[in-house]
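Data block below; observations after.
The values are calculated or read from the model by the stated rules, or taken from the named source; none is laboratory data. All values derive from a computational prediction rather than experimental measurement. In this analysis, Cβ positions are derived from the backbone assuming ideal geometry, glycine residues included, and neighbour counts consider all displayed protein chains.
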Amino acid sequence: MKIIAPDFDLEKTLNCGQVFHWQKIGNAFAGTIDQLPISVEQHGAILKIHAATRELDGLKPSSSKRSGNVEAGRRDALERVVARYFALDYPLSKICAAFPHDPVMTAARDFCRGLRIIRQPRWECLATFITSSMKQVAHIRQISLTLRKRYGESKPILGHEIFAFPSAERIATLTEPELRTCALGYRAKNLLATARLVATGDADLEAWSKLPDGELRARLCELPGVGAKVANCVMLFAYERLRAFPIDVWIERTLRQHYFPRKRKVTAQGLREFCDRYFGEHGGYAQQYLFHHARRGRRAG
DNA sequence: CTCCAGGGATGAT
DNA sequence: ATCATCCATGGA
């Protein structure tokens, strides 16, 4: 099926470092939206979507009455799932127009046109970013793939086998030595401990969605392996908190270089306060644009 | 080979 | 409150 996706760049959205499991197959990207395996191919403002029919029947039925047309119901459900995941309902042009008007931000905005912050499943996003500490994007992708292949559910799409991210309950059944064989290193202990908290319900990721930003960040930071940076990533990518501003080594380098040139003695706390004040309501979006531009903006390839 | 990566926890100033 | 160190692993 096809859906219209204005102000959207699929490749930038999936390769900007916010999500780590989508695989390029020909001109399409294959992956899962939570448990649903799909492939997506972009042609201008049109997205061509493929999904297995039997998987669609597990989706919630449409609220609009379609007079018992099963096929139409499936298409409607699939369109809603895809549009929600890629956040096609967000007014991207307005968000970008509200960015600060400085040369650095303008260059990033031009480079990242069509990049959207997507709505990721909470546990999947949290678990992935726990494994991200001091890792390059390429290796985070490799860890995600290994976890999915070993402990996730297999889902065929377009003749390829892809895998859903394993549940917290599944991870919680493992031992630390088992997890370490997925090349997680010291992060295995944190992932396992957090999986157990989520599996038992002591950490209720869904209920936390009702908390204000400060309390949500505090709850996330109580989890093993989650500090301010990972918490802000999860808030931005899985809780729709567009103000959350993750500061990693790339962003810190960019900020110091372009916004505080020739100035020593800018503390981490000082940077934090500057980001909150200067980038404001959609700071997370601005951050992601700066991040992607800094990483991929002027590379050789 | 060396350097570094979407950091966090802990302990010492 | 800020700084130093350690933690595993692999890409560049």
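In the set (1) assigned to a helix (DSSP H, G or I); (2) without any contact (Cβ under 8 Å) to a residue 40 or more places away in the chain; (3) crowded, with 16+ Cβ neighbours inside 10 Å, A:Leu174 fails one condition alone, (1). Test A:Lys24 against the criterion of being closer than 30 Å to A:Arg296 by Cβ, within 16 Å of DNA strand C (Cβ to nearest atom), among the basic types (Lys, Arg) and in contact with a helix residue (DSSP H, G or I) (Cβ under 9 Å, 6 or more places away or on another chain), and give yes or no. Considered against the rule, which asks whether it is closer than 30 Å to A:Arg296 by Cβ, within 16 Å of DNA strand C (Cβ to nearest atom), among the basic types (Lys, Arg) and in contact with a helix residue (DSSP H, G or I) (Cβ under 9 Å, 6 or more places away or on another chain), A:Lys24 comes out as yes.
Residue-by-condition table, conditions (1) exposed (fewer than 14 other Cβ atoms within 10 Å of the Cβ); (2) modelled with pLDDT of 95 or more:
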{"residue": "A:Glu240", "(1), (2)": "no, yes"}
{"residue": "A:Pro261", "(1), (2)": "yes, no"}
{"residue": "A:Val266", "(1), (2)": "no, no"}
{"residue": "A:Cys275", "(1), (2)": "no, yes"}
{"residue": "A:Tyr278", "(1), (2)": "no, yes"}
{"residue": "A:Gln287", "(1), (2)": "no, yes"}
{"residue": "A:His292", "(1), (2)": "no, yes"}
{"residue": "A:Ala300", "(1), (2)": "yes, no"}
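Residues of segment A:241-266 that are assigned to a loop (DSSP other than H, G, I, E, B) and either among the basic types (Lys, Arg) or within 14 Å of DNA strand B (Cβ to nearest atom) (or both): A:Arg241, A:Leu242, A:Arg243, A:Ala244, A:Phe245, A:Pro246, A:Ile247, A:Asp248, A:Arg262, A:Lys263, A:Arg264, A:Lys265.
The residue that is nearest to A:Phe291 (Cα to Cα), counting only those in segment A:190-241 that are touching an Asp or Glu at 6+ places or on another chain (Cβ under 7 Å) and of a type in the set (Lys, Arg), is A:Lys229. Close Cβ contacts (under 7 Å, 6 or more residues apart or on different chains) running from residues in segment A:135-147 that are within 18 Å of A:Pro166 (Cβ to Cβ) and near DNA strand B (Cβ under 7 Å from one of its atoms) to residues that are outside any helix (DSSP H, G or I) and among the hydrophobic types (A, V, I, L, M, F, W, C) comprise A:Ile140/A:Phe20. Does any residue of segment A:179-196 turn out to be away from DNA strand B (no atom under 16 Å from the Cβ) and out of contact with any Pro (no Cβ under 8 Å at 6 or more places or on another chain)? Within segment A:179-196 (the criterion being away from DNA strand B (no atom under 16 Å from the Cβ) and out of contact with any Pro (no Cβ under 8 Å at 6 or more places or on another chain)), the answer is yes, since at least one residue qualifies. Residue-level check: of (1) touching a residue at least 24 places away in the same chain (Cβ under 8 Å); (2) farther than 25 Å from A:Gly201 by Cβ, A:Glu161 misses just (1).
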